[in-house]
Amino acid sequence: MLQTTAQNTYKQNQVGTATPQDLTLMLYEGGIKFIKRAKHSIQEKDFNTAHDLITRVQDIISELIITLDRKYPVAEQMLLLYDFMKNRLIEANIKKDIAALEEVEEFFVEFRDTWKQAMQIARSQQPQQK
């Protein structure tokens, strides 16, 4: 119990002090983690847990949609992809379809990896502080 409390405190501090870019990365990583756990739950025939985990991934996508900066043209394309992912998650939840989860997971991995690269490029272009 003490370890769980310490872990929760650490996570709260991590989120509370993270930049918006880091929070987006955390959302992508959370989506991947919950999809992996949902696939495992389906394999173990623990459908209630799978449902809860898939719902958490849907919530993550909703948060990603909310945080989209619509002034950039790519935002509309991302919105379409997020909507597609949400629909696939609904299908996966209804049918307990691991293949649909894997499809969404691939999007999350690609988005996370691209986001990490963009963050690295942005940081390398910032003037060094002395």
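Values quoted throughout were computed directly from the atomic coordinates according to the rules given, and no laboratory measurement underlies them. This structure is a prediction, so every number in the text was calculated from the model and none was measured. Cβ placement follows ideal geometry from the backbone for every residue including glycine, while neighbour counts extend to all protein chains displayed.
What the table shows:
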quantity	calculated
Charge context of HIS40, other residues only, Cβ under 15 angstrom, K/R +1, D/E -1	+1
Calculated [θ] (222 nm, deg cm²/dmol) that DSSP helices of n ≥ 4 give over the chain, each run adding -39,500 (n - 2.57)	-29500 deg cm²/dmol
Residues of the range 83-104 with amide N under 18 Å of a point placed 7 Å along Cα→Cβ from LEU68	83-90, 104
Charge dipole (debye, nearest 20) of the range 80-129; +1 at Cβ of Lys and Arg, -1 at Cβ of Asp and Glu	260
Within-12-Å neighbourhood charge of GLU106 [Cβ basis; K, R +1; D, E -1]	-3
Relative contact order [Cα under 8 Å, 6+ residues apart], the chain, whole percent	27
Local electrostatic count, PRO20, Cβ distance below 13 Å [Lys/Arg +1, Asp/Glu -1]	-3
Rough spin-label spacing in nm, given labels placed 7 Å along Cα→Cβ, for HIS51 and ASP83	2.7
Extent along principal axes [Cα atoms of the chain; Å; largest to smallest]	56, 44, 20
